[in-house]
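J.: Got a structure here, written out as structure tokens. Questions coming.
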Amino acid sequence: MRAWTTRLVVLGIMLSALNLRPAITSLGALLEEVRDGLGMSGSVAGLLTSVPPLCFAVFGVMAPRLARRFGPAAVVCAGTAAIAAGLAIRPYTGGTPGFLAASALALMGIAVSNVLMPVIVKRWFPDRVGSMTGAYSMALALGTSTAAAVTVPVTDALGGDWRSGLAVWAALAAAAVLPWLPVLRDRGTTPGGGREASPGGDREASPGTGRTDAAGTVRGEAQVPALRITRSRTAWALAVFFGLQATAAYITMGWMAQIFRDAGVAAGTAGLLLAVTMVMGVPLAFVIPRLATRLPQQGPIVLALGVCGLAGYAGLYFAPAAGAWAWALLLGVSNCAFPLALTMVGMRARSGAGVAQLSAFAQSTGYLLSIPGPLLVGVLYQHSGGWGLPIALMVALMIPQMAVGWLAGRDRTVEEEAAAR
């Protein structure tokens, strides 16, 4: 692969990763203004917290088939364009149905990009899975925290119109489309020097897989048959681990600030504490994947992150205000189970096709599992009048997260398990 193509792919990965969460966190920052502007009911606004994982689950399933047909780079490029279109359109649709439809368009683009990012890393950088996964996970965390922190100030600078404050993020998504366009035109270059991506980057392409062009599209001969991914225990363990860590992350994003506010912390400080939790993912999302790829098993990292989460939840229960900064930091560390899960997706399959299937299965199944969590926390909080039961639920979910994460971190591949059963 030519050097300039490599640089463009890296730039495309980083810019696309920056756009995988602002559609969600920018809306959270302006949710009250959006509700008032659209006349949105409280129940509909509450359901918005479950729309992202639902869209990720539904649309993520489509990603491997689209990647086989058009190539992962082309699909990520189209998905990023869908993010830009959805973000540009949704503030000006004039009503709740149109707002939800445009949000779904943006989330569809995010869903396919979520699934295919590990595939692109595996195919273009087979010998740098850890470092590249860390780099784009860091960019994802940066985009998440930046959108949460600056959407309100940007809206104020634009005259206080929430529509402008939401639409401005479409420009970042549009910029992320540009690096992919020359990559798609360079149709004759083979990622990885014409070799099938593997954990060590040294396995020759299997016969019958055909030629792979710069867009990642497999051409020529028949492709390798799809794996029976549901036969793999590792795939199921990784899917459940992904779902439980996503549940914890969405609960944190949706409710942690309210926990601090109910404990007497000022609203501005509570928002800053949430931003600190999100920002923790920026450096750790780069470090953890690199560490994970150096270990034969990733279970010890899973346990370390889980212990941080349990300590953070205990702090929220016993002394939420007194140790607020410590609990925010601990939960920020715990939330880095997300880049670890993405790294394990790249390590638990031998080929790019296997990574595509595993990524789609783990993320789609995982996001489906994560849908009820934030809603259940809200129900428990409303009916109990406090945070004791919701925090107990968070602790109860962390225990199986640690268990299945240990299983998912074992040194084996889904191809081996699917073939053996």
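J.: Given the conditions (1) open to solvent by less than 30 Å² (accessible area, probe 1.4 Å); (2) not in a loop (DSSP other than H, G, I, E, B), and given that G386 satisfies all but one, which numbered condition is not satisfied?
T.: It is condition (2) that G386 fails.
J.: Out of the residues in the stretch 155-170 meeting the condition of being in contact (Cβ under 8 Å) with a residue 12 or more places away in the chain and open to solvent by 50 Å² or more (accessible area, probe 1.4 Å), tell me which one is nearest to G109 (Cα to Cα). Step through it out loud before you land on a result.
T.: Taking the stretch 155-170 as the starting set, the residues that turn out to be in contact (Cβ under 8 Å) with a residue 12 or more places away in the chain are 155, 162-170.
From the residues that got through so far, the ones that are open to solvent by 50 Å² or more (accessible area, probe 1.4 Å) too are 163, 168.
On the way: R163: 21, V168: 17 Å.
Within the stretch 155-170, the match that is nearest to G109 (Cα to Cα) is V168.
J.: Next up: Which residue out of R233, R261, R228 is charged (D, E, K, R), more than 20 Å from the chain's Cα centre (by Cα) and modelled with pLDDT of 90 or more?
T.: Numbers: R261 fails: modelled with pLDDT of 90 or more; R228 fails: modelled with pLDDT of 90 or more.
Of the residues listed, the single one that is charged (D, E, K, R), more than 20 Å from the chain's Cα centre (by Cα) and modelled with pLDDT of 90 or more is R233.
J.: Can we say A270 is touching a helix residue (DSSP H, G or I) at 6+ places or on another chain (Cβ under 7 Å), open to solvent by less than 20 Å² (accessible area, probe 1.4 Å), at pLDDT below 85 and under 17 Å from Y317 (Cα atoms)?
T.: Spelling it out, A270 is indeed touching a helix residue (DSSP H, G or I) at 6+ places or on another chain (Cβ under 7 Å), open to solvent by less than 20 Å² (accessible area, probe 1.4 Å), at pLDDT below 85 and under 17 Å from Y317 (Cα atoms).
J.: Quick check on this structure: which one of S137, S164, S113 is under 19 Å from the mean Cα position of the chain (by Cα), of a type in the set (S, T, N, Q), under 26 Å from C55 (Cβ atoms) and at pLDDT 90 or above?
T.: Of the residues listed, the single one that is under 19 Å from the mean Cα position of the chain (by Cα), of a type in the set (S, T, N, Q), under 26 Å from C55 (Cβ atoms) and at pLDDT 90 or above is S113.
J.: Cβ-Cβ below 7 Å, separation at least six or inter-chain, first residue in the stretch 357-386 and modelled with pLDDT of 85 or more, second outside any helix (DSSP H, G or I) and not hydrophobic (A, V, I, L, M, F, W, C): which pairs?
T.: Correct list of pairs: L358/R348.
J.: Another question, then. Within the stretch 342-355, take every residue that is assigned to a helix (DSSP H, G or I) and open to solvent by less than 10 Å² (accessible area, probe 1.4 Å) and give me the one that is modelled with the highest pLDDT.
T.: Looking at the filtered set, the residue picked out is M344.
J.: Let me ask another. Could we say that A319 is free of Cβ contacts under 8 Å to residues at least 12 places away in the same chain, open to solvent by less than 40 Å² (accessible area, probe 1.4 Å) and out of contact with any His (no Cβ under 9 Å at 6 or more places or on another chain) here? Outline the logic, then answer.
T.: Values: free of Cβ contacts under 8 Å to residues at least 12 places away in the same chain: yes; open to solvent by less than 40 Å² (accessible area, probe 1.4 Å): yes; out of contact with any His (no Cβ under 9 Å at 6 or more places or on another chain): yes.
Spelling it out, A319 is indeed free of Cβ contacts under 8 Å to residues at least 12 places away in the same chain, open to solvent by less than 40 Å² (accessible area, probe 1.4 Å) and out of contact with any His (no Cβ under 9 Å at 6 or more places or on another chain).
J.: Restricting attention to the stretch 286-312, report how many residues are touching a residue at least 60 places away in the same chain (Cβ under 8 Å) and touching a Phe, Trp or Tyr at 6+ places or on another chain (Cβ under 8 Å).
T.: The total comes to 3.
J.: I need the full set of residues from the stretch 4-44 which are in contact (Cβ under 8 Å) with a residue 12 or more places away in the chain and among the hydroxyl-bearing types (S, T, Y), in order please.
T.: Of everything in the stretch 4-44, those that are in contact (Cβ under 8 Å) with a residue 12 or more places away in the chain and among the hydroxyl-bearing types (S, T, Y) turn out to be T5, T6, S16, T25, S26.
The values are calculated or read from the model by the stated rules, or taken from the named source; none is laboratory data. These numbers come from a predicted model, not from an experiment. Cβ atoms come from the backbone with ideal geometry, glycine included; neighbour counts cover every protein chain shown. Heavy atoms of the whole protein, side chains included, go into the accessibility calculation; ligands, DNA and RNA do not. Shrake-Rupley method; radii C 1.70, N 1.55, O 1.52, S 1.80 Å.
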